[in-house]
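For reference, the structure discussed in these notes is given below.
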Amino acid sequence: MAKNAAAVAAPTAKKSKKWVQIKRDKWMYALLLPGTLYFIIFKIIPLWGIFISMKTYYAGVDFMEADWVGLSNFIKFFSSTSFIMLLKNTLIISAMNIVFFFPLPIILALLLNEIRLQWYKKALQTLVYVPHFVSMVVIASITFMLLKESSNDAQSGGAIFELVKRINGTGESWLGGKVAIYWVLLFQNIWKESGWGTIIFLAALAGVDVEQYEAAIVDGASRLQQLIYITVPAIMTTVVTMFILRMGSVLDTGYEQLILMQNSLNKSSTDTFDTYVYNIGRVDGNYGYSTAVGLFKSIVSLICIQSANRLAKHAGQAGLF
Amino acid sequence: MISIKRKGLGDIIMDIVVYIVLTILAILMVIPFVYVIAASFATETDIVSSPIFLFPPHPTVDAYKQIFDMSGMGATVLRSLCISIGVTVIGTIVNLFFTATMAYGLSRSNLIGKKFFLNMVLFTMVFGGGMIPTFLLVKGLGMYDSYAALIIPGAISAYNMLIVRNFFMELPSGLEEAASIDGCTDIGIFAKIALPLSLPCLATFGLFYAVGHWNNYFGALLYLNNQDKYPFQLVLRNMVMLTTEDTNGDEELPKESLKMAVIVVGTVPILCVYPFLQKHFAAGVMVGAIKG
Amino acid sequence: MKNWKRISMLVLATGLAASSLAGCGETKKPIDLNSKTPSIEVMTSANKTNSPGQESPVVQAIEKHLGEAMSEKYGKQYDKVILDIQWVVSTAYGEKVTAALGANEYPNVMLVTARNSSIIQNSKHGTFWDITDYFQKKDDKFKSEENPEGYVYPELAKANPVINKNISVDGRISGIYRARTIGRQGMTYRRDWVENLHKKGVLDFDEPKTLDDLDAMMKAFTENDPDGNGKKDTYGMIVTTFLDGPLNNLAIWMGSPNEWGYDEEAGEWKPWFMSEGYFDAMTKMREWYQAKYINKNMATMDANDWDSEFLNGYGGIQIDVADRARRNATNIAEKNPNAVVDVIGYVTDGDADPRVLPTTGYMGYYVLPHQTVETEEELDFVLSVLDECNSEEVVDLCNYGIEGTHYTLDENGKAKIISEDSLTKDYQDLNQFSMGLAGPYQLTTAYANKAAEKVQQVYDENEQWAVMNPMAPYTSDSYAMSGTQLDAIIAEAKTNYIIGNLDEAGYKKAIDQWLKMDGDLVCQDYTEAYENDKSNYKDGKLYIPETSKYKFRF
């Protein structure tokens, strides 16, 4: 490799050191091989699909023959009147989920961890996982059942609607409220996923060294103190990891739940990038444009996930990368 | 495990609060599912006309009879159930193999090129090619209309892999060093030490992957050509999602009770997996044991 | 950041390699016309997961029949024509078509269900055979008593030209449609309530005929205790988040165009929601809503609750597809044996002629891709097979199975289906394969209840009063681009106007927004499409029929 040994003496030394290290880790690379092949074949190769965003491509029309339209799909998207509305709704829904929903599985996991009766703990765990398996369609119909307003003055509405009406007397619509719907959506998420979300944190808690608790008990620490000084720090890495990954999906709201809950009264506050892509790509069949919107989302995700990672490292955490 | 002899008053209060709060939460979370079960045993009129009930006013097993009627749907349902179990088991093993090897490979902090691999994972986590390129690829690889198309294209979830990697990174490094001095290769350390130590983590992600396979119907819709190959969830979904059209072109909606029964039948098998895995979640003791 | 460069290089390189691969490697499945058992692969939608295959006696009977018919037509011995049906569940049918198009791999005959931009581009692009001239193709050698004109495809010749035009792209037809009821819409109502109120002297009819009757009925259902329980606990019409069901029908009854109308004053085509008739209908509903004749939660009521409000006896009118009446008549009997459910197709505006909102009349159409149907000879054979599939014999087999095994004939000659799952699975979903465009067919089933019989009458009568959508054959690129978003603006405005959140000025503002968000381009696209269609010219001048001209408010 080195044509002129003298001239490249220093880099060769550095290189050879690198080589030693690579050789040392050869089995690690062997372990990396299957996964890397997977990523190249199934994740990198299909990335050519990104170019669909710059073409007038329709399935069936030869991709190579489709006309290039450059960035016009992007320009159209950013300059459209819906852009600001979509961004606002997406950010509100996402922020509410991060602020109110993200901490709940952690708290729930910590509470479950405090249960000493093993059979009861297991039973509770199983019960809180159940909602995860109930499909969104069923959750939506149960929500309608609980929150629907009365159809005329003689009939009563859903159980929760009536309850709230009795408390504050207004009888405002939850399902049709421009702001109220956000809380409905949030609560659906909490109900469906917070129990399931505890799994990762419980696994992390299972890894906490028991000796530490024993030492703390000897020192006379109360349960609360053990929780704050041993348990919480022990799962902090997992929490940070989950948070960074969550930031990567800051513009993801999903479309199924939103489309199920949408109506003419709340649509202007529940239309997000995901519902937009769904309508334009899957329903209208306009792949170029929907790919462009998707690409915009990806770029934002990348920025968010990188920033969150930096921030975590800055705060003295390990970070993800 | 931990013997607590003396309890302070604060500890007792905390215990009571935790038990009460969790019990209420668990009940709230399970009530809608109880309704689903109750509705699956109820008559159509009861479901349409009454609000939520936790016990069917006129219990009947008609919906279940229809699902498992051997002369009609039954054979299809049972066949698809076997297919789903097979795909879930094999798929989860494939997932865990690919995920664990890659995660462990990336867990060494000073590995040369680590950054490159991580960036590749991150990049593909946020950028994707979309449905058409992936479909073409699967077809080009000859996996179309085979179960491989349900397993291989989703062999690793980047998200899960990164979390597993974090678990590996938290393993005490002393163990690895000790093992490598004993003459173990990295693969040996991975198989003999890292894997057994991370059983709670593997059980967790095994569960995630298994549930993913179990619930996946879209892959089957897209990649399977032959109705005889359909997995359970797809068959169940079709039983309830489709409005059938009779000979006059009139639509017939599926019955509510059938919908509910389908949810119960589709959920219970995967719920049963959980208690088997549960014992691994309490495996944290092991870390201490080996260390000691 | 060096890694990013490397990754993007990798992406580029593999991307180029992959996209060059994408165009090749497809396998062709020619139709073997020399075989005694030629096989045709058909992709169609399924509503079940155990749709019949080669083992089904009904499929075998159809294949044998097709073999005989083809032997006769071509003077060659065919033992049977194998129908290799690839069933795809209807919930994902669109994705499957997209995948087939993207991968360039087609069956010989493929159903397309959505006329979205992708299908339209492919039709323009010549991916499918242009069969416009085959429907009426004649050849003297086929002249016979049943076929005096000598059509080559006598059943296809019976296709409805209006629907054929509706599925065309640039005036060319590339598919054979699956026929559906045109006059499907209707008003389901509680006849016993009307009769009660008639007896009490509140109403002076048993069946509403005019808009005024409907108006009176709405009021009486709300205020005059139609169920006679002494409580004021009922209301007139049930409206859900699917506002378009009731509103569009009412609008047509009140003189709105169907989707598009020509505004003579402005000299341009405009969408119906800008018309005088449509606005009148909205205003009518607004009045009803204020008077509480409509359920007050109409803006948020899930469409799944539509029937339960009716079955519980809260509301007494549903305007939507007429077949709701049949279903609700069956279901209400369990709860309230005295309830009588009836259905009508329309009410008229005074003495004016009836006006009815039709459906498109088809549900998807079968296309024949050039890639898998290569020669004229193959095309002819496939068309002949599809033609024969529209014959009475094959359609009956698809709908009811084999006589004696799957159904028996009652004294009126109606089919009595033996409804056992082990039998119905032999032919269920074959009605999804079937096109039935040469109907009406003679064999029908006995009605489940009285309302069901009335539903059939409504279907038959509605058809002659259908107000067709003049723009149905045309497409707009701008609409294909963002139609869903455009529709949403108007849907929102309509609801808010009816429940009183918007006034006329507010509604006008929504229309302006619609126009600004490329709605104007949609109008332009349709106007141009209409002008570009040669069949719209008479004596060299653009011809707009009087029935397409309407008054517009906006």
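Based on this model, can you work out whether A:Leu163 counts as within 26 Å of A:Val99 (Cα to Cα) and without any contact (Cβ under 8 Å) to a residue 40 or more places away in the chain?
Criteria not met by A:Leu163.
C:Thr445 - would you say it is buried (at least 17 other Cβ atoms within 10 Å of the Cβ), more than 29 Å from C:Met298 (Cα to Cα) and not small (Gly, Ala, Ser)?
yes
Filter the stretch C:397-424 down to the residues that are surrounded by fewer than 20 Cβ atoms within 10 Å (Cβ to Cβ) and in contact (Cβ under 8 Å) with a residue 40 or more places away in the chain and list them by number.
Correct list: C:Ile402, C:Thr405.
Would you please list the contacts, defined by Cβ atoms under 7 Å and residues six or more apart or on different chains, that run from a residue in the stretch B:109-130 that is more than 7 Å from chain A (Cβ to nearest Cβ) to a residue that is buried (at least 18 other Cβ atoms within 10 Å of the Cβ) and at pLDDT 90 or above?
Note: pairs meeting the criteria are B:Lys114/B:Leu106.
Out of A:Lys192, A:Lys267, report the one residue that is within 23 Å of the chain's Cα centre (by Cα) and modelled with pLDDT under 90.
A:Lys267
Scan (1) touching a His at 6+ places or on another chain (Cβ under 6 Å); (2) surrounded by 19 or more Cβ atoms within 10 Å (Cβ to Cβ) for the single condition C:Tyr177 breaks and write down its number.
The failed condition is (1).
Looking at B:Val77, B:Val87 in this structure, which one is touching a residue at least 24 places away in the same chain (Cβ under 8 Å), more than 30 Å from A:Ile52 (Cα to Cα) and within 14 Å of chain C (Cβ to nearest Cβ)?
Working: B:Val87 fails: within 14 Å of chain C (Cβ to nearest Cβ).
Selected residue: B:Val77, the only one of B:Val77, B:Val87 that is touching a residue at least 24 places away in the same chain (Cβ under 8 Å), more than 30 Å from A:Ile52 (Cα to Cα) and within 14 Å of chain C (Cβ to nearest Cβ).
As an exercise: evaluate B:Ala178 against (1) open to solvent by 40 Å² or more (accessible area, probe 1.4 Å); (2) under 23 Å from A:Trp48 (Cβ atoms) and give the number of the one condition it does not meet.
B:Ala178 satisfies every listed condition except (2).
Which count do you get for residues in the stretch B:135-172 that are more than 14 Å from chain C (Cβ to nearest Cβ) and within 23 Å of B:Gln233 (Cβ to Cβ)?
So the answer is 12.
Checking A:Tyr287 against (1) more than 11 Å from chain C (Cβ to nearest Cβ); (2) open to solvent by 30 Å² or more (accessible area, probe 1.4 Å); (3) at negative phi, which test does it fail?
With respect to (1) more than 11 Å from chain C (Cβ to nearest Cβ); (2) open to solvent by 30 Å² or more (accessible area, probe 1.4 Å); (3) at negative phi, A:Tyr287 is out only on (1).
What is the residue count in the stretch A:64-95 for residues that are in a helix (DSSP H, G or I), among the hydroxyl-bearing types (Ser, Thr, Tyr) and within 28 Å of the chain's Cα centre (by Cα)?
Summing the residues that are in a helix (DSSP H, G or I), among the hydroxyl-bearing types (Ser, Thr, Tyr) and within 28 Å of the chain's Cα centre (by Cα) in the stretch A:64-95 gives 4.
If C:Met254 satisfies all but one of (1) within 13 Å of chain A (Cβ to nearest Cβ); (2) touching a Gly at 6+ places or on another chain (Cβ under 6 Å); (3) not small (Gly, Ala, Ser), what's the number of the condition it fails?
Failing condition for C:Met254: (1).
Could you go through the stretch A:41-53 and let me know if any residue there is surrounded by 18 or more Cβ atoms within 10 Å (Cβ to Cβ), more than 10 Å from every other protein chain (Cβ to nearest Cβ) and either touching a residue at least 12 places away in the same chain (Cβ under 8 Å) or of a type in the set (Gly, Ala, Ser) (or both).
No - not one qualifying residue is present in the stretch A:41-53.
Name every residue in the stretch B:217-227 that is touching a Ser or Thr at 6+ places or on another chain (Cβ under 9 Å) and modelled with pLDDT of 85 or more, in order of residue number.
B:Tyr223, B:Leu224
Scanning the stretch C:355-396 for residues that are more than 23 Å from the chain's Cα centre (by Cα) and farther than 25 Å from A:Val61 by Cβ, which turns out most open to solvent (accessible area, probe 1.4 Å)?
Checking each candidate, the answer is C:Glu377.
Only residues that are surrounded by 18 or more Cβ atoms within 10 Å (Cβ to Cβ) and either under 15 Å from the mean Cα position of the chain (by Cα) or not aliphatic (A, V, I, L, M) (or both): list them for the stretch A:107-134, please.
A:Asn113, A:Glu114, A:Lys121, A:Lys122, A:Gln125, A:Tyr129, A:Pro131, A:His132, A:Phe133
Looking for something modelled with pLDDT under 85 and over 30 Å from B:Gly183 (Cα atoms) - is there at least one such residue anywhere in the stretch A:11-24?
Within the stretch A:11-24, one or more residues are modelled with pLDDT under 85 and over 30 Å from B:Gly183 (Cα atoms).
For the condition of a type in the set (Val, Ile, Thr) and open to solvent by 40 Å² or more (accessible area, probe 1.4 Å), what is the one hit in C:Thr547, C:Thr527, C:Thr484, C:Thr495? Quick ask: steps written out before the conclusion?
Numbers: C:Thr527 fails: open to solvent by 40 Å² or more (accessible area, probe 1.4 Å); C:Thr484 fails: open to solvent by 40 Å² or more (accessible area, probe 1.4 Å); C:Thr495 fails: open to solvent by 40 Å² or more (accessible area, probe 1.4 Å).
Exactly one of C:Thr547, C:Thr527, C:Thr484, C:Thr495 is of a type in the set (Val, Ile, Thr) and open to solvent by 40 Å² or more (accessible area, probe 1.4 Å), namely C:Thr547.
Checking the structure you have, find out if any residue of the stretch A:252-265 is open to solvent by less than 20 Å² (accessible area, probe 1.4 Å), touching a helix residue (DSSP H, G or I) at 6+ places or on another chain (Cβ under 6 Å) and of a type in the set (Val, Ile, Thr).
no
The values are calculated or read from the model by the stated rules, or taken from the named source; none is laboratory data. Fair warning: this is a prediction, and the values are worked out from it, not measured in the lab. No Cβ is skipped: glycine too gets one built from the backbone with ideal geometry, and neighbour counts run over all protein chains shown. These accessible areas exclude ligands, DNA and RNA; they are computed on the full protein's heavy atoms, side chains included. Shrake-Rupley method; radii C 1.70, N 1.55, O 1.52, S 1.80 Å.
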